[in-house]
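The values are calculated or read from the model by the stated rules, or taken from the named source; none is laboratory data. Because the structure is predicted, anything quoted here is derived from the model rather than measured. Glycine also receives a Cβ, built like all others from the backbone with ideal geometry; neighbour counts cover every protein chain displayed.
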Amino acid sequence: MLVGFVSTLKVRRCHSVNLGLTLFGLSLLLFIASCSPPTEVIKTSNLTYDANLQKSLTSIALPQNNFKFDYFISDHGYSLRYGFSLVDESRGTIVIAPGQSEFIEGYFELINDFNQNNYNVWIMDWHGQGGSDHALTDYNRAGTNFKNDQDDIKKFISQIVVYEDHMPPIIFAHSMGAHILLGLLSSGQVAIDRAVLSAPMITVKTGLFPHGLSSFVAGFASTLGLGWWYAPGNNEWIDDINYAANDNQNTSDSERSFLKQKWRRSLEHTRKSYGVTLMWFNNYVNSRKRIFNSSVLPNTKTKILMTIP
């Protein structure tokens with residue numbers, strides 16, 4: 001009986017200790033949440049291409065004289081930067097949807113290639129990226145709202161992009177841009193004739209943490225108001241003076257491997273949303289579920305070319 005009593009006492013003490021630690025942990029999290037960054041919207045409508053930078057960049061990274069920047073207002077109230085490059089005797093129109101943390105300047109070479117093949121090109125910066133408005137004072141943190149992004153690309157295609165009725169635009173979407181486009185198609189709100197999805201973000205790497213566990217943590221943290229925290233392995237952009245060509249795993253070309261690095265060193269707005277937050281990850285998880293559960297997407301009439309690395 002004495003042994004049983006002692007065992008019961010130890011269990012009770014363990015439960016008390018665990019409860020105390022849990023309450024302390026929750027209190028600490030709530031305190032940290034109260035110190036979250038302010039949500040003052042940064043207005044960036046004055047950001048345009050810095051012509052002085054062109055002297056330090058290779059010719060392949062520069063826009064042609066026909067490239068222009070402009071802005072439009074999202075239905076959600078923020079300003080979005082876009083660019084367009086038109087050619088004579090166009091054979092069609094291509095709309096580019098960039099990936100996470102990308103910016104229009106990084107696509108100048110591709111835009112020039114499309115122009116040389118007689119295609120008009122239109123491209124936009126997502127909310128929080130490039131020259132578009134960012135919702136947090138700490139603009140390094142990415143907090144993408146994928147539903148709003150779907151509304152933005154829909155408005156961009158239907159109201160801003162100019163094209164011939166008999167030649168609907170081709171959408172070229174990369175990584176997160178392809179994910180957003182899939183979400184738009186899965187909603188059945190827009191009819192797109194043709195799309196090229198480059199490395200679509202169907203899932204993301206979560207390192208040592210399983211995707212399911214990462215999803216739970218991101219959702220729990222967002223519920224507690226901690227969604228602004230960086231996800232593990234993410235941070236603000238920091239210039240690496242020892243950056244080498246082989247540090248860029250997306251290209252084996254030594255010249256191209258430095259392009260984004262040069263832009264980010266020179267123009268502050270190209271560093272926006274560099275680090276993914278738990279809020280971003282939670283929003284991605286919910287968007288991913290909607291895509292996978294869509295009854296519309298399997299029956300889409302959009303002609304899709306998908307390239308997966």
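Quick check: anything in segment 223-245 in contact with a Pro (Cβ under 8 Å, 6 or more places away or on another chain) and in contact (Cβ under 8 Å) with a residue 24 or more places away in the chain? Yes.
Does any residue of segment 277-299 turn out to be in contact with a helix residue (DSSP H, G or I) (Cβ under 6 Å, 6 or more places away or on another chain), over 17 Å from GLN129 (Cβ atoms) and loosely packed, with under 15 Cβ neighbours inside 10 Å? Yes.
If the condition is being touching a helix residue (DSSP H, G or I) at 6+ places or on another chain (Cβ under 7 Å) and either part of a loop (DSSP other than H, G, I, E, B) or of a type in the set (A, V, I, L, M) (or both), then segment 238-264 contributes ASP239, TYR243, ALA245, ASN248, THR251, SER254, LEU259. Within segment 287-309, being closer than 17 Å to ALA173 by Cα and in a helix (DSSP H, G or I) holds for SER287, ARG288, ILE291, LEU297. The set of residues in segment 110-144 being over 18 Å from LEU267 (Cα atoms) and modelled with pLDDT under 95 consists of ALA135, LEU136, GLY143, THR144.
Which residue out of PHE72, PHE108, PHE67 is surrounded by fewer than 20 Cβ atoms within 10 Å (Cβ to Cβ), without any contact (Cβ under 8 Å) to a residue 60 or more places away in the chain and aromatic (Phe, Trp, Tyr)? After ruling out the rest, the residue left standing is PHE67. Looking only at residues in segment 177-220 that are touching a Gly at 6+ places or on another chain (Cβ under 9 Å) and among the hydrophobic types (A, V, I, L, M, F, W, C), the one that is farthest from SER294 (Cα to Cα) is ALA218.
Within segment 198-237, if we keep just the residues that are β-branched (Val, Ile, Thr) and part of a loop (DSSP other than H, G, I, E, B), the residue that is surrounded by the fewest Cβ atoms within 10 Å (Cβ to Cβ) turns out to be THR203.
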